[in-house]
Amino acid sequence: MIQPITDPAVLEGYLSDASNTRGRAEALFRPRDAEEVAEVLARAQAEGMPVTVTAQRTSTTGASVPEGGWLLSTERLNAVLAPDRAQGGVILGQYQDQVEAAGLFFPPDPTSRHECSLGAAIACNASGARSFRYGPTRPWVEELQLVTPTGQLLRATRSTPIPDGWPVPRWAEPAVKTAAGYAPADNLLDLAIGQEGTLFVITEARLRLIPLPGAVLSLIAYFPDLASTLRFVERARRGAQRPGHLPEPGALNPRAIEYYDHNALELVRARVPDTPALARAALFIEVEHEGEAPVEAWWEALEEEGALVEHTIVATDEGARRKLLAVRHAVPAGVNERVVHNGMPKVGTDFAVPDAALAEIMAAYEAVDMDKICFGHIGDNHLHLNLLPTDAAELGRARQIYRELALQAVALGGTVSAEHGIGKLKRALLAEMVGPEVLEDFRALKRAVDPGWVLGRGTMIAER
Ligand SMILES: Cc1cc2nc3c(=O)[nH]c(=O)nc-3n(C[C@H](O)[C@H](O)[C@H](O)COP(=O)(O)OP(=O)(O)OC[C@H]3O[C@@H](n4cnc5c(N)ncnc54)[C@H](O)[C@@H]3O)c2cc1C
């Protein structure tokens, strides 16, 4: 029988996540295998005891913060079982390093990959810069071992039907990168991806691996204005390999297109002083290639679209590589410094919109009248606009602006969360995005899988 830990000093380390919200819990379980996970969940279901799965607590949404009850940590489920098979608690980046040493590649690359777990990346359908080419975590998962909230062990592949009596919501998920709500899945595997630890505990995964790309060209290009930046984004993604699209001959075909706005460049200038004075935006780009790096094709395209070509940093030698890393590092580091200086939390967006709506949402972000820094995955129309309030009144205004922008993203056919998930902090936004009927369908599914509503209580949807 697995024993709980109830020492408050130990529990203390498990009560918050990267959202900086704090919860409470009565006991912690650290199971070593799926059978022990099943034992804890069966007991919790019988006693009506809430259970929150906790992994590395890098969630920015309060998803791993318990609202009472038990904590189930995946930290001891940390074995890599074969090159393509690992337990849920394995650190994603460590797993990827092992796989890459063997010449193989598991593409999902959340920025937090060296801090977060594989099981949570699957549970939250995490994404990263390379998702422009490779999509989110979902297509890279082939089989899961799951424990249901009633303590049943299941194996799920894309051929595993959804059990009878589980009413999977048939809803029109936005056709963008999204991590919001239950997937309208036609198989058990897809239902388990993106459920944020509310339907199943993921104890083990079999993953799809591909050969490690031969070489990757990285560059940072500077632009004099937003218009030329957006023109270049359109040009760079034309004919590129993206989920569901093969590359077209002659396409520039990047695997990542990342954006930095003029305020982000101010942060860069403080650390990299020769950042061009005329630059009002920058793009970080990665291109996989075999043989010679396609520098010339990129150079020509940049010149034609009006980039400040002579300032482009191409990481072909060690000095340029270091400079490029310094530019990239300067932005999150600078944002954190500002947050500490302000003594107020930042309010950061995670919305994505369809390609056709990129210019419109960018214009809305630009128009926000508050201290702000915008950067992120522009290839997927998925920007993180960070609002930086300096006092409580501004914080209130930032939250209001955030809500208005979320609704605008939804009206444009987008999502309220492209990668960070809903957790506890964005439940109201999810409700607005999907509407009352779909929300009720989500609840019906949750009740069918988890009659006592014990697993991940408070995450994604409220019980009523
Ligand atoms: C600096 C920073 C950068 C980030 N960058 C990105 C990014 O680029 N892309 C991105 O997508 N996210 C990003 N995130 C968010 C976060 O890292 C991801 O959501 C990650 O998947 C959470 O992993 P974790 O191990 O910390 O999970 P936790 O925070 O512990 O848990 C997250 C959720 O998953 C559930 N869960 C955890 N493990 C399991 C399991 N085995 N089975 C079922 N449910 C489980 C939990 O109950 C909880 O609901 C970032 C966070 C930070 C702090």
Student exercise, segment 213-341 dipole from Lys, Arg, Asp, Glu Cβ charges, in Debye to nearest 20: 540 debye
Can you pull a Stokes-Einstein diffusion coefficient for segment 136-262 at 25 °C (0.890 mPa s), Rh from Kirkwood over Cα pairs, as a whole number of µm²/s? 137 µm²/s
List, largest first, the extents of the alpha carbons of the chain along their principal axes, each in whole Å. 67, 53, 43
Helical mean residue ellipticity (222 nm; -39500 (n - 2.57) per DSSP H run of 4+; nearest 500) of the chain: -10500 deg cm²/dmol
Per 10 angstrom bin, beginning at 0 and ending with the bin that holds the maximum distance, the Cα pairs of segment 8-211 fall in percents of 9, 36, 38, 16, 1
Fewest to most neighbouring Cβ within 10 Å: what's the order for R238, R231? R238, R231
Using amide H atoms built 1.01 Å from N in the peptide plane, name the residues 5+ places from E204, or on other chains, whose amide H lies under 5 Å from its own. G88, Q145
Using unit Cβ charges (K, R positive; D, E negative) and no other charged atoms, how large, in debye to the nearest 20, is the dipole of segment 38-153 about its Cα centre? 180 debye
Projected area averaged over orientations for segment 343-440, convex hull of C-alpha atoms, nm²: 6.4 nm²
Give the separation of the Cα centroids, segment 357-412 to segment 37-100, in Å. 32 Å
Please determine, in degrees from 0 to 90 and to the nearest 10, the orientation of helix 427-449 with respect to the longest principal axis defined by the Cα atoms of the chain, where the helix direction is its Cα long axis. 30 degrees
Against the longest alpha carbon principal axis of the chain, how many degrees, from 0 to 90 and to the nearest 10, is the axis of helix 392-411 turned? 90 degrees
Specify, per residue and in Å³, the volume enclosed by the convex hull of the alpha carbon atoms belonging to segment 21-90. 89 Å³
If you place +1 on the Cβ of every Lys and Arg and -1 on the Cβ of every Asp and Glu, how big does the dipole about the Cα centre of the chain come out, in debye to the nearest 20? 860 debye
What angle do you read, to the nearest 10 degrees and between 0 and 90, between the alpha-carbon axis of helix 295-304 and the longest principal axis of the chain? 70 degrees
Dimensions in Å of segment 232-309 - Rg and Dmax from alpha carbons: 14.1, 41
Determine the distance separating the Cα centre of segment 143-184 from the Cα centre of segment 274-302; give it in Å without decimals. 40 Å
Looking only at segment 159-183, which residues have a backbone nitrogen under 19 Å from a spot 7 Å from the Cα of E67 in the C-beta direction? 180-182
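No value in this document is a laboratory result; all are computed from the given coordinates. A quick note: this is a predicted structure, and the numbers were derived from the prediction, not measured. Neighbour counts run over all protein chains shown; Cβ positions are idealised from the backbone, glycine included.
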